[in-house]
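The next block holds one structure in the form of structure tokens; read it before the comments.
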Amino acid sequence: MQSGVRVLRVLRKRRGWTQTELGELVGLHQGEVSLAENGRPVRNLALIAIHLGVNDPDDLLLDVLSPEGQRVLESVDKLEAAVA
């Protein structure tokens, strides 16, 4: 099953960041963040992954309803729970 929603968007929204705010953190324009949220690889994707607690930048482009996307979200949840 596919939703069209990427892991990147879910994690950004969980942190309460706008696309512009995330872009400012990593040196991207809002439009580039939007492209990434629509599954297009962009420069600085590795830096975005660091800010969102994801090891593999390509995981940010996974669909949230895919088994792989669910695995990434669960992994980030566990990491955040351990740090809290």
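What follows is calculated from the coordinates using simple rules that are stated; it is not laboratory data. Note that the coordinates shown come from a computational prediction; the quantities given were computed from them, not determined experimentally. As a convention, Cβ positions derive from the backbone with ideal geometry for all residues, glycine included, and neighbour counts pool all protein chains shown.
Before moving on, here are some points about what is shown:
- Exposure proxy order (Cβ contacts within 10 Å, fewest to most) of Val83, Val26: Val83, Val26
- GNM remark for the chain: springs join alpha carbons under 10 Å apart, and the peak mean-square fluctuation among Leu47, Leu25, Leu73 falls on Leu25.
- Full-extension gain in nm, Asn55 to Glu21, via 0.36 nm per residue minus C-alpha separation: 10.1 nm
- Remark on the chain: ratio of C-alpha radius of gyration to 2.2 N^0.38 Å is 1.00.
- Centroid-to-centroid separation of region 1-24 and region 26-73 [C-alpha atoms, Å]: 8 Å
- Two-site FRET efficiency, Ser66 against Arg43, from Cβ-Cβ distance with R₀ of 35 Å, rounded to 0.05: 0.90
- Within a Gaussian network of the chain (alpha carbon springs, distance under 10 Å), most fluctuating of Pro41, Pro67, Pro57: Pro67
- Structure remark: mean-square fluctuation, Gaussian network model of the chain, C-alpha springs under 10 Å; the largest value among Gly69, Gly16, Gly27 belongs to Gly16.
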